[in-house]
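These notes concern the structure reproduced below.
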Amino acid sequence: MKQYKYKINGNLYNVTVNDVEEDSNVAHVEVNGTPYSVELLDKTIKKPVQIIAPRPAAAPKTNTGAPVVSRPVAASSGQAAVKSPLPGVILDFKVKEGDVVKKGQVVVILEAMKMENNINADRDGKVVAIKVNKGDSVLEGTDLIIIE
């Protein structure tokens, strides 16, 4: 039996998955105490896989409700991403696309744990892409700016 909480359009739903009949692909669930039998359209039932990975101490939270952004980039040769060193909220950009930057120059201001953190360019080059927006919540390792 698994229990989940979902918030859909501001409404909270408590969902309990009681069991799944593997031969007929029918799941027996309760939503806010009301029982349902749900037929699964995908005929293959996948067993859950447990992934154990380190987590940050606290997930970033914003008053604006901005989504947490994690957009990895496949950088081509000659391009490198300036990554977020910790989870936080993007406050400001000190560069724009097309600007030439020097190693160590401040490119982004990131708020984390109620402190403003300067994120510096890790190489000389030209800003070819800004991958996040002001107000976005980002996770550690998120690509912020691409420098060529």
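The values are calculated or read from the model by the stated rules, or taken from the named source; none is laboratory data. Computed from a prediction, not measured in an experiment: that's the story for all the values here. Positions of Cβ are backbone-derived with ideal geometry, glycine not excepted, and every protein chain shown enters the neighbour counts.
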Restricting attention to segment 100-121, the residues that are assigned to a loop (DSSP other than H, G, I, E, B) and crowded, with 16+ Cβ neighbours inside 10 Å number exactly 1
Does residue 45 satisfy the criteria of being in contact with a strand residue (DSSP E or B) (Cβ under 7 Å, 6 or more places away or on another chain), more than 30 Å from residue 10 (Cβ to Cβ), modelled with pLDDT under 75 and surrounded by fewer than 19 Cβ atoms within 10 Å (Cβ to Cβ)?
-> yes
